[in-house]
Amino acid sequence: MEKLILRRVDRDNEEMVLNFGPQHPSTHGVINFIVETDGEVLKKAVPDVGYLHRSIEKIGEIVGYPGFMPYTDRVDYVAAMFANEGYAIAVERLLKLEVPPRAQWLRAVSCELCRIASHLVSVGTMTMDIGAFTPMVHGLRERETINDLIEELCGARLTYNYHRIGGVAFDMPGGWRDRVLKFLDHFDPFLVEFDRLISFNQLYVKRLANVATIPAALAIDYGLVGPNLRGSGVDWDLRRDLPYGAYPHFKFSIPVGRGWYGTPGDSYDRYYVRCLEMAESSKIVRQALESMPEGEITAKVPRNIKPEAGEALGRVESARGELAYYVVSDGTNKAYRVRARTGSFTAMGIIEDISRGLMIADLVALIASLDVVAPEIDR
Amino acid sequence: MTTNEIHERLRARFGDVVGPLSEPKIDPFCVVKRDAIVEVCRFLKTEPGIELDFLEDETAVDWPKRNVIEVVYHLLSYTIRHGFKLKVEADRAAPSVPTVEGVWKTANWFEREIYDLFGVDFPGHPDLRRIMLPDDWVGHPLRKDYQEAGGWHGISNVRENPLVELKRLDDLKRAEKAAAAPPAPPAAPAAPPAAKA
Amino acid sequence: MTANPVTPYARKTSPRWVVLVTLAVGLVLPLALFGGVLVLSPLTKPAMVAAFVQEVLGHDPATWPYTTLLTGAFIAVLALVLLTFGAVVSGTTVWWEMRVSSRMQSRIGYNRVGAGGFFQWIADAVKLLFKEDLIPAESDHLLFRAAPYFVFTGFALVFVALPFGESLIAADLNVGIFYLTSVTALVVVGILLAGWSSNSKWALFGGMRSAAQVISYEIPAGIAVMVPVLMAGTLSMQGIIRAQGAWPWQWFAFTNPFATVAFVIFFVAQLAEGNRTPFDLPEADSELVAGYLSEYSSFRFALYFLVEFGNLWVMSAISATLFLGGWQVPFVGPEVYAAARGAGTLPALGWWGLQVLSMAVFVAKTLLVLNLVVWIRWTLPRIRVDQMMTLCWKYLVPFAFVSFVATLLWLILVAQAPVVGPATGIALTVVAALLAVLFARQTRANISAVGDRVDLSNW
């Protein structure tokens, strides 16, 4: 395998060609990079993905519309609610189905809690890659509570299978709303403490500022989405610009990178945008819990889902950016084609061009700041 | 701009290479002739008022009944907040679509994935090789007529149903035990008949 | 921060007998080792051996045939005690570091093997001994096997010159600190050999980085060490300590503002020499798996870790000796030791008591600095290779030179006006105390800003 890829890597006598992965404490999942280095400085880092390819898209053609929902969890198991929601939205568009308001609010609550959990993992593993061990453990401690809360809601801690075509599967258990609010009261000052611990630490800032700057035009051209795009200065968020679900009813701001410690679009911006987004998600959850309407949690959906022939694209603003499901139906009860467009896939595409001249430590910072997860890349 | 308006502008500029807008199935699209796709894409990206600068998704759908592989482009504009959807139909026997990597760099990896999983060739692509599957894989899995090869480098991907296999192993073990056990003792001891007699 | 309020997790406490066994071993083991050091270190000097033979055994030392044998036996036992001390102190440092880090990270930490996980390091060492000892086929077998021994030798030789108490030093070399600096440089040979002989690219990276780091930081460390040497006028460890006093305003770190700078530089340089975060690039496990240690397994791996954690003790001890007054006990000057020694050839009991006191002070100061090193590790992130080199050559070395030259001028000033010494000492001590108070208050404010409270019952 390496020999075939080495065709693209020009060898000189003093350069080392190394495999950075696929088993590695730092790459986020099973990803391999073939790096060609001259001492510490990289000449080229060629990503080599596919170690986690599970042919989910082919499975979508076999299991039928409702049966595919658990598989969507595995498309991005760190932020699984969004994967569920995207698929549900695509199929609901095909069926021309109206989702009841309580279900939309519940979707928003569960998704924003999941966004906080996913960002905690992302930000925590990033700090650990940079060498600070403590912030990650603090972040995971908070994530434990979110996992417990979501377990009360839907029974699972990681791959939720909570959203259904037409709504959600379960309603809030008794007392859940108060527990969530109590957690948020504990979580908001935690973010302040977290920032004080690591975000403004000069050692950390010096590792990330001005490293792997991606200017806005390049980010759009390479198809970056989500916090990566916003970190580069592009003010775009699906929740505000192409709103869906219950988001038009909530007030929240969109953090955009502006070069807090370096140039806009460097690794620190991408990191800090995620920190700020956690605070915004907390606000959304509070507003949603406060204004939750009564009613059904799922629309009337036939048992055997057979949409008429057509195609639909369902997009959500996932923790990693835009997650879009393109579902093609041919009138039978099995989908003709299901396609998941993920943010991490295109983020990998930019690494080869951005990583020229970085050091190995900076490559680690770049991969961590792009928040790539292997299941999203390979599906 | 609505989808209709963008389609009107396209038709006005390119004429017949741009097909009609599909009837409003949920997401309307129009089919573009293969040779004009790069021009059309460049127009859609750079024309002021349209400015579809984000290639949201580029994927393929296999239609063996119609004998085409469709390459689908979803486009979005960050500045004007509208989107559009294009399709190119490639002949299934030798599918080949000019690359739009020169228009949006993100198409680089999308087209590699389509090549890997569907077998569509993209002339002009700087680095067309497989991305998910190993480089020496045979076949294109997402095609509807894909048959698995039964293994790769000696690793089989065919496995018996575990229930069947375990039952077979149990039967084997039972047969071995029966063969290895000592022969059954004689049916009746000789003592009672002797005592009777 | 304590556990979150929604789902607090229950603590499990160890059964009573486990606590008792832990306390027993935890008290007896250090006491035995320290006692061994206490009793044997003075006894290796020829005069003391002669006194021992005379008083205790009742022979005439000059004619008794076994005098030299006894001296040799004492030295051998002391060497064994010091080696064991090194190993045990590594293990105990591991325990302390894991305990502190788990509390900082809101985790429970080790709590199974012994009360508070005190014997976990023994379990880990035994486990490592039982692992398979792999030597990569394409590595350089001789160097691969030899590398850990270089590192261990460099570590073990340090204990010869560490001043545990007023007369408790295995060998009071008159080039004490110079000897220590040169012997700790053996460690870098071991690391480089390990990285190179593993025949693995990642190990080579780690080895090269480490060699660059340790060799670079020897320079500011060495220059910073010259400052207390200048102030004391001798390279001998005991001499440097005797030139200081027992009170904080008599320590070298506070009498001379440039020595404070030198202390900071020395501390940072020792962190780099010991491969501690923020300078743990050679073992950056998120980048290089385990760096130069990637191919090592079983006991050789254990040796490296033993040396790394034991180095914490060494670097803390040297810092305490050079800058914090070593074993000097308040109110006990050299005349008190001489008076307590008594008239006989073997010292009186009071003298031994004072030795114990001085050893306690030394251990306390060392533990204080060690705690600081551990604290820093779990708070700060790692710096990059080029930033580390920039820090060393562009900042630490010039500052070290400046403080060296300024100390020369300072000594001339003090020779002219002797009152300057104690005056700056008291001023700097007051400043340090003020900073400590401010730090404590800010910490308290930070804790209550998050809605938490200081809770020591969670230990």
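The values are calculated or read from the model by the stated rules, or taken from the named source; none is laboratory data. Computed from a predicted structure; not experimentally measured. In this analysis, Cβ positions are derived from the backbone assuming ideal geometry, glycine residues included, and neighbour counts consider all displayed protein chains.
So here's what we get for this one:
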{"quantity": "Every pair of residues 6+ apart whose Cβ atoms lie under 7 Å, when the first sits in the range C:196-222 and is not assigned by TED's automatic domain parsing to the domain that holds C:Asn311 and at pLDDT below 80 while the second is among the aliphatic types (A, V, I, L, M) and assigned to a helix (DSSP H, G or I)", "calculated": "none"}
{"quantity": "Residues of the range A:185-195 classified as within 7 Å of another protein chain (Cβ to nearest Cβ) and within 14 Å of A:Thr127 (Cβ to Cβ), total", "calculated": "1"}
{"quantity": "Residue check, A:Arg303 away from chain B (no Cβ under 14 Å) and farther than 18 Å from A:Pro255 by Cα", "calculated": "yes"}
{"quantity": "Among residues of the range B:123-178, those that are within 14 Å of chain A (Cβ to nearest Cβ) and outside any loop (DSSP other than H, G, I, E, B), counted", "calculated": "1"}
{"quantity": "Yes/no for C:Leu372 being surrounded by 16 or more Cβ atoms within 10 Å (Cβ to Cβ), in the same structural domain as C:Ala232 (by TED's automatic domain parsing) and within 25 Å of the chain's Cα centre (by Cα)", "calculated": "no"}
{"quantity": "Residue ID - farthest from the chain's Cα centre (by Cα), chosen from residues in the range C:57-114 that are outside any loop (DSSP other than H, G, I, E, B), away from chain A (no Cβ under 14 Å) and within 30 Å of A:Arg143 (Cα to Cα)", "calculated": "C:Arg99"}
{"quantity": "Verdict on A:Val121 being under 30 Å from A:Arg207 (Cβ atoms), surrounded by fewer than 22 Cβ atoms within 10 Å (Cβ to Cβ) and more than 14 Å from chain C (Cβ to nearest Cβ)", "calculated": "yes"}
{"quantity": "The range C:255-265: number of residues that are touching a Pro at 6+ places or on another chain (Cβ under 8 Å) and either farther than 12 Å from C:Met231 by Cβ or among the acidic types (Asp, Glu) (or both)", "calculated": "1"}
{"quantity": "Which listed residue is within 26 Å of A:Gln202 (Cα to Cα), within 14 Å of chain A (Cβ to nearest Cβ), over 27 Å from the mean Cα position of the chain (by Cα) and of a type outside the set (Gly, Ala, Ser), from C:Gln387, C:Gln442", "calculated": "C:Gln442"}
{"quantity": "B:Asp171 vs. criteria over 22 Å from B:His74 (Cα atoms), modelled with pLDDT of 90 or more and either out of contact with any strand residue (DSSP E or B) (no Cβ under 7 Å at 6 or more places or on another chain) or surrounded by 10 or more Cβ atoms within 10 Å (Cβ to Cβ) (or both)", "calculated": "yes"}
{"quantity": "A:Val225 being assigned by TED's automatic domain parsing to the domain that holds A:Arg274, in a loop (DSSP other than H, G, I, E, B) and in contact with a strand residue (DSSP E or B) (Cβ under 6 Å, 6 or more places away or on another chain)", "calculated": "yes"}
{"quantity": "The range C:210-235 - residue that is among the hydroxyl-bearing types (Ser, Thr, Tyr) and crowded, with 22+ Cβ neighbours inside 10 Å and, of those, farthest from C:Ala170 (Cα to Cα)", "calculated": "C:Ser210"}
{"quantity": "Failed item in (1) within 14 Å of chain A (Cβ to nearest Cβ); (2) under 20 Å from C:Asn371 (Cβ atoms), with C:Leu281 passing the rest", "calculated": "(2)"}
{"quantity": "The listed residue being of a type outside the set (A, V, I, L, M), under 14 Å from B:Ile37 (Cα atoms) and within 11 Å of another protein chain (Cβ to nearest Cβ), out of B:His74, B:His82", "calculated": "B:His74"}
{"quantity": "Residue that is farthest from A:Ser291 (Cα to Cα) [pool: residues in the range A:86-98 that are in contact (Cβ under 8 Å) with a residue 40 or more places away in the chain and part of a loop (DSSP other than H, G, I, E, B)]", "calculated": "A:Leu97"}
{"quantity": "Unique match (being out of contact with any helix residue (DSSP H, G or I) (no Cβ under 6 Å at 6 or more places or on another chain), within 14 Å of chain B (Cβ to nearest Cβ) and more than 24 Å from B:Phe84 (Cβ to Cβ)) among A:Asp378, A:Asp330", "calculated": "A:Asp378"}
{"quantity": "Members of the range A:281-312 that are out of contact with any helix residue (DSSP H, G or I) (no Cβ under 6 Å at 6 or more places or on another chain) and crowded, with 23+ Cβ neighbours inside 10 Å", "calculated": "A:Glu311"}
{"quantity": "Selection from the range B:95-122 of residues that are touching a strand residue (DSSP E or B) at 6+ places or on another chain (Cβ under 6 Å), more than 10 Å from chain A (Cβ to nearest Cβ) and more than 26 Å from B:Trp152 (Cα to Cα)", "calculated": "B:Ser96, B:Val97"}
{"quantity": "Residue in the range A:68-85 that is over 26 Å from A:Ser291 (Cβ atoms) and over 18 Å from the mean Cα position of the chain (by Cα) present", "calculated": "yes"}
{"quantity": "Residues (touching a residue at least 60 places away in the same chain (Cβ under 8 Å) and over 18 Å from A:Ala169 (Cβ atoms)) located in the range A:113-130", "calculated": "A:Arg115, A:Ile116, A:Ser118, A:His119, A:Leu120, A:Ser122, A:Val123, A:Thr125, A:Met126, A:Thr127, A:Asp129, A:Ile130"}
{"quantity": "Residue list for the range C:158-187, filter: in contact with a Leu (Cβ under 9 Å, 6 or more places away or on another chain), surrounded by fewer than 16 Cβ atoms within 10 Å (Cβ to Cβ) and not polar (S, T, N, Q)", "calculated": "C:Val175"}
{"quantity": "Residues of the range A:44-58 that turn out to be away from chain B (no Cβ under 11 Å) and surrounded by fewer than 17 Cβ atoms within 10 Å (Cβ to Cβ), as a count", "calculated": "0"}
{"quantity": "Where B:Ser22 falls short, out of the listed (1) under 28 Å from A:Ala309 (Cα atoms); (2) more than 14 Å from every other protein chain (Cβ to nearest Cβ); (3) more than 23 Å from the chain's Cα centre (by Cα)", "calculated": "(2)"}
{"quantity": "Residues (buried (at least 22 other Cβ atoms within 10 Å of the Cβ), over 17 Å from the mean Cα position of the chain (by Cα) and more than 10 Å from chain B (Cβ to nearest Cβ)) located in the range A:212-231", "calculated": "A:Ala212, A:Ile214"}
{"quantity": "Filtered residues of the range A:188-203 (kept if within 23 Å of the chain's Cα centre (by Cα) and under 13 Å from A:Tyr272 (Cβ atoms))", "calculated": "A:Leu191, A:Phe194, A:Asp195, A:Ile198, A:Ser199"}
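One line per residue, one yes/no per condition, for (1) in a helix (DSSP H, G or I); (2) surrounded by 24 or more Cβ atoms within 10 Å (Cβ to Cβ); (3) touching a residue at least 60 places away in the same chain (Cβ under 8 Å):
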| site | (1), (2), (3) |
| --- | --- |
| C:Ser316 | yes, yes, no |
| C:Val329 | no, no, yes |
| C:Pro347 | no, no, yes |
| C:Ala364 | yes, no, no |
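Listed here are the residues, each with its yes/no results for (1) in a loop (DSSP other than H, G, I, E, B); (2) touching a strand residue (DSSP E or B) at 6+ places or on another chain (Cβ under 9 Å); (3) closer than 30 Å to C:Leu193 by Cα.
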residue	(1), (2), (3)
C:Ile241	no, no, no
C:Gly245	yes, no, no
C:Trp249	no, no, no
C:Phe267	no, no, yes
C:Ala272	no, no, yes
C:Glu295	yes, no, yes
C:Arg300	no, no, yes
C:Phe305	no, no, yes
C:Ala320	no, no, no
